[in-house]
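Working notes, structure below.
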Amino acid sequence: MVSIIFWCFSAALFITTIVVVAIVISENRNPVRSLAWVTVLLVVPVLGLFLYFIFGRDIKSKRAALSKNLKRKLRKQERAMKLDIARLPFSEESLGIIRMADSVCGATLHLNNSATVYDSGHQKFKDLFDDIATAKQYLFIQYYIIENDATGRRLAQLLAQKAREGVKVYLIYDPVGSVSTGKKFFKEMADAGVNIKPFIPVRFPGFGTRINWRNHRKQCVIDGKIAYVGGMNVAERYITGGNTFDSWRDIHMRVTGNAVMGVQRSFITDWSFMSDSVDELPEADFKIEPMPRQVKDDNANLMMQLVRSGPTSQWYNIELLYLKAIGSSRRRVYLETPYFLPTEGLLNALQTASLSGCDVRILMPMRSDSAVLTFASSSYITECLRAGIKVYLYKPGMLHSKMLIIDDEIVSIGSTNFDFRSFEHNFELTMLVFSKSFNERMTDLFRQGLARSERVNAATWAKRSRWRRMKESFMRLLAPIL
């Protein structure tokens, strides 16, 4: 009897594995990722099937279902905001990025914006909480992680207070990112009148088709006048460094101007993704600014595009934009990222830019908040050094910033890590800023990070232990899957 059960199980496992391998091959994915899945499925089929049903499924058929009224309203505002891109005072390389962002995801270029940039959480959360306290009409708040600590509780108290005052408050959080927070934390806000939605809740059945698709965006809108976007979640460690690090470096932006409309639409789209009704959401009436004859390049006249990307998109929007931006660079490419797990195309783009004479620099943490990702990121350093790319390891604490600087006009700041998960699995966003003055400000901020870092020396790096190299190579195998 036992042998019959064993052989039946073995036969079922064999047939299931072969079927899944056939599915992986038929999907015509990136050959590297397909080969990784096939290898895992054939070598360790039980583990491979488990990982595939969690991390390997595709949800590109799912779309956010906006109501007809909201679609008409958004289309009307989009038409009013359209600019003659050819008249903009930017290089042809920058204009190409603007056109591509519009083409792949309909990102509108917004005029007349200003931005305050934060590289630590103390001032960011002070300003955010002050802005929330002034809200009169509505609040849109969305974070991947909201911790039940001093910072998280302060946010919860403010949102509950504003809801009791009659302000319409809407909150989206990711249940995987906020898994340790507890339901009671959110229930207390809901009881006070805060409208709350977890993004793709992970429940049984359907666990395997839900857990992999996470919303990593961080975006807030206050009364349609102020927006926040960037890399910071809601947790005390973004202010103090937490229990593991002495400090935590991250980049976030406070935006005012027409670009707030883009952030607001982004939130509304995410809310509609999880809701059958979005007509109750407020939509601000923005004053549409006409295109001036000459665009002044200062902090009050920044041009911005909000680019969204996710597993339901037709394209890997942000990855494609990064490929275009890096490929079109002429002078410099400065990348700041907590995890460096580039796709083959992006690694080739960085190497090509460096070999073409561009000053390519990568700033990543010496030790990140994930040992697995630290080792996996390190496995790419040798290939970068061979191409002349300068790699710096940030020493003071955790570096969690997500910033890309291209030449003299383009800056990208958002939630997107430079890794497979952000480009292909997560719902992400990044704000593209086109401005020479803003580019100069962010370049200065990047160089401040370099001053607190250690540049990787090729000769010294080659002498690291064999054991470390083995760990790097093994962790790198997981990169295309995880």
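The values are calculated or read from the model by the stated rules, or taken from the named source; none is laboratory data. Since we're looking at a predicted model, the values are computed, not measured. For neighbour counting, all protein chains shown are included, and Cβ atoms are generated from backbone atoms with ideal geometry for every residue, glycine included. To get the accessible areas, we keep the full protein, side chains included, count just its heavy atoms, and leave off ligands, DNA and RNA. Shrake-Rupley method; radii C 1.70, N 1.55, O 1.52, S 1.80 Å.
Inside region 240-268, residues that are within 28 Å of Pro201 (Cα to Cα) and open to solvent by 10 Å² or more (accessible area, probe 1.4 Å) make up a count of 3. For region 77-95, taking the residues that are assigned to a helix (DSSP H, G or I) and either basic (Lys, Arg) or modelled with pLDDT under 70 (or both), the one that is least open to solvent (accessible area, probe 1.4 Å) is identified as Met81. Out of the residues in region 297-322 that are surrounded by fewer than 19 Cβ atoms within 10 Å (Cβ to Cβ) and either hydroxyl-bearing (Ser, Thr, Tyr) or modelled with pLDDT of 95 or more (or both), which is nearest to Asp408 (Cα to Cα)? Only one residue fits best here, namely Ser313.
Do we have Gly182 as at positive phi and either without any contact (Cβ under 8 Å) to a residue 24 or more places away in the chain or buried (at least 21 other Cβ atoms within 10 Å of the Cβ) (or both) here?
Details: at positive phi: yes; either without any contact (Cβ under 8 Å) to a residue 24 or more places away in the chain or buried (at least 21 other Cβ atoms within 10 Å of the Cβ) (or both): no.
For Gly182, the condition - at positive phi and either without any contact (Cβ under 8 Å) to a residue 24 or more places away in the chain or buried (at least 21 other Cβ atoms within 10 Å of the Cβ) (or both) - is not met.
Filtering region 113-157 to residues that are open to solvent by less than 10 Å² (accessible area, probe 1.4 Å) and assigned to a loop (DSSP other than H, G, I, E, B) leaves only Ala135. Between Glu472, Glu454, the distinction of being in a strand (DSSP E or B) and surrounded by fewer than 20 Cβ atoms within 10 Å (Cβ to Cβ) belongs to Glu454 only.
Can you tell me which residue is surrounded by the fewest Cβ atoms within 10 Å (Cβ to Cβ) among those in region 158-171 that are of a type outside the set (D, E, K, R) and closer than 21 Å to Val260 by Cα?
Val167
For region 386-432, enumerate the residues that are of a type in the set (Asp, Glu) and out of contact with any Lys or Arg (no Cβ under 8 Å at 6 or more places or on another chain).
Our first condition is that a residue be of a type in the set (Asp, Glu); within region 386-432, this holds for 407-409, 419, 424, 428.
The answer is Asp419, Glu424.
Here the strands (runs of 3 or more DSSP E) wholly within region 327-424 that include at least 1 residues being in contact with a strand residue (DSSP E or B) (Cβ under 7 Å, 6 or more places away or on another chain), in contact (Cβ under 8 Å) with a residue 24 or more places away in the chain and farther than 23 Å from Met253 by Cβ are 359-365, 390-394.
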